[in-house]
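S.K.: Sharing a structure below in structure tokens format, with a few things to ask.
The values are calculated or read from the model by the stated rules, or taken from the named source; none is laboratory data. Nothing here was measured: the structure is a model prediction, and the numbers come from that model. Every residue, glycine as well, gets a Cβ built from its backbone with ideal geometry; the counts of neighbours run over all protein chains shown. Accessible surface is based on the protein model in full, side chains and every heavy atom, while ligands, DNA and RNA are left aside. Shrake-Rupley method; radii C 1.70, N 1.55, O 1.52, S 1.80 Å.
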Amino acid sequence: MMTDLSIPTAPRKRRYWGNVWDAVKSTAIGMGITFKYLWSKSVTVQYPDEKLPTDERYRGIHYLEEDLCICCDACAKACPIDCIEMEATRHGKELEWHKFTLDYQKCMFCELCVYPCPKDCIHMGKEYALVVEDRGQLVMDLLSWKGLTEDQKVRIAEAEAKKAAKAAAQAAAQAAAKGGGAKMDAGGGGGGGGGGDSAAGASDAAETEPTH
Amino acid sequence: MLTDPVTAAAPAPPQGNLWTDLMHGVFPDGMPWWMVAVLGAAVAFAAVMLFVTVIAMFSIWLERKVAGHIQVRLGPMRVGGWHGWAQSVADGVKLLLKEDVVVTGADRLLFKLAPALVLGTALAMFVALPFAPGLQIADVDLGVFFLISISSITTIGVIMAGWGSNNKWSVYGAMREAAQVASYEIPLGLSLMPPVIYYGSLSLRTATDMQAGWLGLHWYVFDPLHFWIAIPSFVLFFVAALAETKRAPFDLAESESELVAGFHTEYSGIRFSFFFLEEYAAMFVMSAVGAALWFGGWNFPGVTQMPEGALRDFLCVVVFTVKSMLLVFVMMWVRWTLPRIRIDQVMTLGYKYLTPLSLILVFAAAVLEYFLALAPSVLP
Ligand code: SF4
Ligand code: SF4
């Protein structure tokens, strides 16, 4: 049953008992409405325990697919306020991560860093609760691990070994081409030493200079 | 137990002071009377203080729950586990631990005295409340009058707080409070007259005893000859009591949207908590007066007929407290329904509506009582 709650448009004549009646009636109606609401189900959620579902396209805290990322700096360059900083050492194809930080003091969650990524490995997450105890903690490291994993190390070692073997083979071939048969013994020793040298040289050449 | 309110004379007041009698029973016989009086007062104070604190804490929690649910929220949910029941305890502890600030330029004496005066009067009001046949600190003959006069002393405390705070908002709040209480004293007092005329006594004890008929349901509001006066007079009393206790929609003295917090703007810590306690204590007292005069006090079917004793007293206290808390709940319900009204509207309502209407009711009650006294044979 709907009650007519509209306000009369024409100014009403001032009536004493009419005013009393209006006051009682409108209070009664109002209290009826609030009483109904008193028993209605609450629309709020108990935040840390329950959360409202975030939107499909919500732009929250980033997450990084670290194993895909190639440390190409494209996202950092795209960021209009330079929040992203990264640092990694390249060992041939493998990356030894030092940091990949996002400064949430500055980030405005514009998503511009996401589009240029060639590997499609940085995304906007759904997490929005950024509670830290210190401002410095807002510079967050998106890396879940740093340095090298075991299989990376194995792969690097394999690659180095392959490289060393190649260099040794090359050096041996060179030595064979340069020197005569008379210096075979010394050439063999020199070849071994040369192999060691060139292995060190190869790991130097594998770009220890950090990129950011 | 008298059942006929009109033909029978009011029951004789109990001999001596109930509380003193009780205390004489508790303390050893050889004690001098003054020691009993002092110790009895201390025990009474402790009991009242405990009761007020518990009631106020419960009311504050209830208020927040009612406010929440009326606004389709939940209110406090975390502290203590079940629906945040310990929220008030946590708040109380927090208030006690807060720094007690006295602002520069404050009138230190008034500033420090005001909360004590306000809380003291609120506690004093509990003295006259008839909780149970064996549990009433003092059966004041002028019970109703005593309560009204004590409750308006609170206003003096409020004015002291406002004036002593050296803050314009506080002064505004205090002045509003003064104007409001001064104008609502009249309808409050007048709206209490119909029941007083009906009972022929100002004592709350007498009033309660006279509503014991009909298995404990012969309350003033249910009386077939008087309900048409009882109900409107209760409404008037309730409105005036809202104004007297500074409750919404009459909370102009602390209207937070205009005056920060009104008269207690400058208070913090335990002094602030005194004002808070007083507000809820005063709500309870006003509701208790309403319950005692209109809704039968401790009378309830089943409880009234029980043999006298500690169990009956306990159940009486429960019934009385529950009735009062229901009225407190209505006060909260009103608060979350009606918007705060302007000071001129407060004055209009007080002087142009409540006062004449309550006068009419007093007149009607007096005339009715006169004719009923003339024709006792017509009575049911
Ligand atoms: S969301 Fe925008 S501001 Fe934040 S890191 Fe990415 S590009 Fe920079
Ligand atoms: S653009 Fe993509 S691949 Fe390049 S550094 Fe950023 S996250 Fe890594």
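S.K.: Look at region A:66-83 and say how many of its residues are more than 8 Å from ligand 2 (Cβ to nearest atom) and closer than 18 Å to A:Glu111 by Cβ.
M.R.: 6
S.K.: Something else: Could you tell me how many of the residues in region B:328-347 are within 14 Å of another protein chain (Cβ to nearest Cβ) and either part of a helix (DSSP H, G or I) or touching a strand residue (DSSP E or B) at 6+ places or on another chain (Cβ under 8 Å) (or both)?
M.R.: The total comes to 9.
S.K.: Okay, next question. Would you confirm, using the coordinates I've provided, whether A:Leu130 is surrounded by 16 or more Cβ atoms within 10 Å (Cβ to Cβ) and modelled with pLDDT under 85?
M.R.: No.
S.K.: Let me ask something else. Any idea which residue in region A:48-57 is farthest from the other protein chains (Cβ to nearest Cβ), counting only those that are open to solvent by 80 Å² or more (accessible area, probe 1.4 Å) and of a type outside the set (Lys, Arg)?
M.R.: A:Glu56
S.K.: Could you tell me whether region A:119-132 includes any residue that is within 11 Å of ligand 2 (Cβ to nearest atom), among the β-branched types (Val, Ile, Thr) and more than 14 Å from chain B (Cβ to nearest Cβ)?
M.R.: For region A:119-132, residues within 11 Å of ligand 2 (Cβ to nearest atom), among the β-branched types (Val, Ile, Thr) and more than 14 Å from chain B (Cβ to nearest Cβ): present.
S.K.: Give me a count of the residues in region A:137-155 that are open to solvent by 40 Å² or more (accessible area, probe 1.4 Å), touching an Asp or Glu at 6+ places or on another chain (Cβ under 9 Å) and within 14 Å of ligand 1 (Cβ to nearest atom).
M.R.: 2
S.K.: Can you find even one residue in region B:114-136 that is open to solvent by 70 Å² or more (accessible area, probe 1.4 Å) and over 20 Å from B:Phe284 (Cα atoms)?
M.R.: No, region B:114-136 contains no residue that is open to solvent by 70 Å² or more (accessible area, probe 1.4 Å) and over 20 Å from B:Phe284 (Cα atoms).
A quick yes/no check of all residues on (1) on the phi > 0 side of the Ramachandran plot; (2) buried (at least 19 other Cβ atoms within 10 Å of the Cβ); (3) under 16 Å from the mean Cα position of the chain (by Cα):
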| position | (1), (2), (3) |
| --- | --- |
| B:Gly157 | no, yes, no |
| B:Ala182 | no, no, no |
| B:Leu215 | yes, no, no |
| B:Pro224 | no, no, no |
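S.K.: Separate question: If you go through region A:92-100 one residue at a time, do you hit one that is away from ligand 2 (no atom under 13 Å from the Cβ), out of contact with any strand residue (DSSP E or B) (no Cβ under 9 Å at 6 or more places or on another chain), more than 17 Å from A:Val139 (Cα to Cα) and open to solvent by less than 40 Å² (accessible area, probe 1.4 Å)?
M.R.: Scanning region A:92-100 turns up at least one residue that is away from ligand 2 (no atom under 13 Å from the Cβ), out of contact with any strand residue (DSSP E or B) (no Cβ under 9 Å at 6 or more places or on another chain), more than 17 Å from A:Val139 (Cα to Cα) and open to solvent by less than 40 Å² (accessible area, probe 1.4 Å).
S.K.: Next question. List every residue pair whose Cβ atoms sit under 7 Å apart, with the two residues 6 or more apart in sequence or on different chains, where the first one lies in region A:29-47 and is more than 7 Å from chain B (Cβ to nearest Cβ) and the second, anywhere, is of a type outside the set (A, V, I, L, M, F, W, C) and surrounded by 12 or more Cβ atoms within 10 Å (Cβ to Cβ).
M.R.: From region A:29-47, the pairs are A:Val45/A:Lys51.
S.K.: Could you check region A:164-180 and list, in sequence order, the residues that are open to solvent by 60 Å² or more (accessible area, probe 1.4 Å) and modelled with pLDDT under 85?
M.R.: A:Lys178 - this is the single residue of region A:164-180 that is open to solvent by 60 Å² or more (accessible area, probe 1.4 Å) and modelled with pLDDT under 85.
S.K.: Out of curiosity, is B:Phe320 away from every other protein chain (no Cβ under 14 Å), within 30 Å of B:Val48 (Cβ to Cβ), among the hydrophobic types (A, V, I, L, M, F, W, C) and open to solvent by 70 Å² or more (accessible area, probe 1.4 Å)?
M.R.: No, not satisfied.
S.K.: I would also like to ask the following. Which of the following residues is farther than 26 Å from B:Glu99 by Cβ and open to solvent by 10 Å² or more (accessible area, probe 1.4 Å): B:Glu254, B:Glu258, B:Glu266?
M.R.: Only one candidate passes the filter, namely B:Glu258.
S.K.: Then there's this: Only one residue in B:Asp100, B:Asp141 is within 21 Å of B:Gln211 (Cα to Cα) and among the acidic types (Asp, Glu). Which one?
M.R.: None of the other options fit; the residue is B:Asp141.
S.K.: Could you please find all residues in region B:59-83 being in a helix (DSSP H, G or I), surrounded by 17 or more Cβ atoms within 10 Å (Cβ to Cβ) and not small (Gly, Ala, Ser)?
M.R.: Hits for region B:59-83 are B:Ile60, B:Trp61, B:Leu62, B:Glu63, B:Arg64, B:Lys65, B:Val66, B:His69, B:Ile70.
S.K.: Check off (1) more than 25 Å from B:Thr121 (Cα to Cα); (2) within 14 Å of chain A (Cβ to nearest Cβ); (3) in a helix (DSSP H, G or I) for B:Ala364 and give me the number that stays unchecked.
M.R.: Unmet condition: (2).
S.K.: (1) surrounded by fewer than 21 Cβ atoms within 10 Å (Cβ to Cβ); (2) in contact with a Leu (Cβ under 9 Å, 6 or more places away or on another chain): which one isn't true of B:Leu147, the others all being true?
M.R.: So the condition that B:Leu147 fails would be (1).
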